[in-house]
1. P(r) tail for segment 249-309, what percent of Cα pairs lie past 18 Å?
2. When the Kirkwood radius is taken over all Cα pairs of segment 136-231, what Stokes-Einstein diffusion coefficient follows at 10 °C and 1.306 mPa s, in µm²/s?
3. Could you tell me which helices of the chain pass both thresholds, a Cα extent of 20 Å or more along their own axis and a mean Kyte-Doolittle hydropathy of at least -0.5, with helices taken as whole DSSP H runs?
4. For the chain, with a Gaussian network of springs between Cα atoms less than 10 Å apart, report the residue from 62, 213, 152 with the top mean-square fluctuation.
5. For the chain, which whole percent of the accessible surface, found with a 1.4 angstrom probe, sits on carbon and sulfur atoms?
6. Which of the peptides 198-204, 133-139 is most tightly packed, and how do the rest follow, going by the mean number of other Cβ atoms within 10 Å of each residue?
7. Determine, for each peptide in 259-272, 11-24, 112-125, the mean count of other beta carbons within 10 angstrom over its residues, then list the peptides with the highest first.
8. Using a basic spin-label model with each label point 7 Å from the Cα along Cα→Cβ, how many nm lie between residue 195 and residue 2?
Amino acid sequence: MRVHRGVYAPAPDVAALDPRGRHVLLCRAVVAALGPRCVVSHASAVEALGLPRVHPPASVVDVVDPRRETVRVSTHLRRRPGTVPADEVERVGEIKVTSLVRTATDVALTASFEQAVLCLDGVLRRLVLPRGHAEGAAVEARLARWRGVLGDRLGPPGRRGGTSARRALAFASPWAENGGESLLRIVLHELGVGEVTLQRVVRVGGRAAGRVDAFLEDHDTAVELDGFVKLTDPAMLAGRTPAEAARDQNRRDQRLLAAPSVRRVVHCEYDDVVHPERLTGHLRRAGVTVDPRRVTHSVRAAARRFAARPL
């Protein structure tokens with residue numbers, strides 16, 4: 001099947017790819033006809049680097065082209081002016097892509113707040129927590145260092161897009177394990193439930209009882225983003241039946257509730273993040289007070305967020 005002008009691939013191979021894989025294939029097809037100085041960037045770099053994003057990828061490949069003085073869009077290609085130094089380039093298979101730091105900077109300066117947060121969360125996680133969850137002074141020092149690097153790369157506050165980018169950087173967290181958790185934290189912030197800690201380790205008698213996706217510090221409430229996927233995904237079931245998985249989840253909840261710091265455990269799924277009024281219902285049933293005006297604001301923001309076109 002045709003991927004791009006003059007470029008074809010076996011239809012079964014293309015059909016087997018997910019949206020991210022198909023976009024990376026399109027990147028390969030498009031950049032093959034460009035000069036060696038063009039580097040895949042922005043939303044396309046997000047896809048190539050496997051970073052989280054709000055929307056599925058568009059059918060347009062973003063590149064930085066030093067020959068351009070203005071942005072030019074044609075079929076399957078968006079050329080952006082600028083240069084990419086050699087130390088800001090990574091190789092992903094056959095294509096040159098902007099580095100993690102350069103990609104985070106580009107996205108933060110040009111994308112929505114939500115997409116900027118997801119990208120920054122993903123980049124900070126790789127830079128600060130390369131071996132997975134960790135805490136302590138060394139982790140905080142690495143986080144402060146990389147925030148400083150990214151802040152310097154964003155340029156002066158008066159730069160176009162700089163105010164929103166700096167707000168996203170201040171909000172971003174390496175403890176978001178995936179894009180869903182990043183979006184959950186954004187919605188909880190919009191709902192005004194107070195300080196939210198991601199991946200908090202809950203302890204009972206000095207021993208870890210579990211690590212929760214989000215913890216509402218002002219309400220002693222743990223929020224777990226899972227839904228039915230944990231009861232249906234073979235990889236997450238790990239040989240268990242759905243009934244056994246549900247039993248294990250209930251036992252884990254009981255262990256969490258045994259901790260003095262946890263009064264409630266709320267379970268939600270991705271659709272609850274897309275529709276904040278549903279998440280609000282879960283929170284209210286658990287005794288968490290939510291201002292109706294904040295709910296209205298969050299519902300409107302979500303409608304814009306998920307209806308918006310990709311980058």
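1. The answer is 47 percent, as a whole percent.
2. 103
3. 113-128, 137-153
4. Per the Cα network of the chain with a 10 Å cutoff, 152 tops the list.
5. The C+S portion of the solvent-accessible surface of the chain is 52 percent.
6. Values: 198-204: 17.3, 133-139: 11.3.
Sorting 198-204, 133-139 by mean packing, highest first, produces 198-204, 133-139.
7. 112-125, 259-272, 11-24
8. For the pair residue 195/residue 2, the computed spacing is 5.8 nm.
The values are calculated or read from the model by the stated rules, or taken from the named source; none is laboratory data. Remember, predicted model here, so these are calculated numbers, not experimental data. Every residue, glycine as well, gets a Cβ built from its backbone with ideal geometry; the counts of neighbours run over all protein chains shown. With ligands, DNA and RNA removed, areas are computed over all heavy atoms of the protein, side chains included. Shrake-Rupley method; radii C 1.70, N 1.55, O 1.52, S 1.80 Å.
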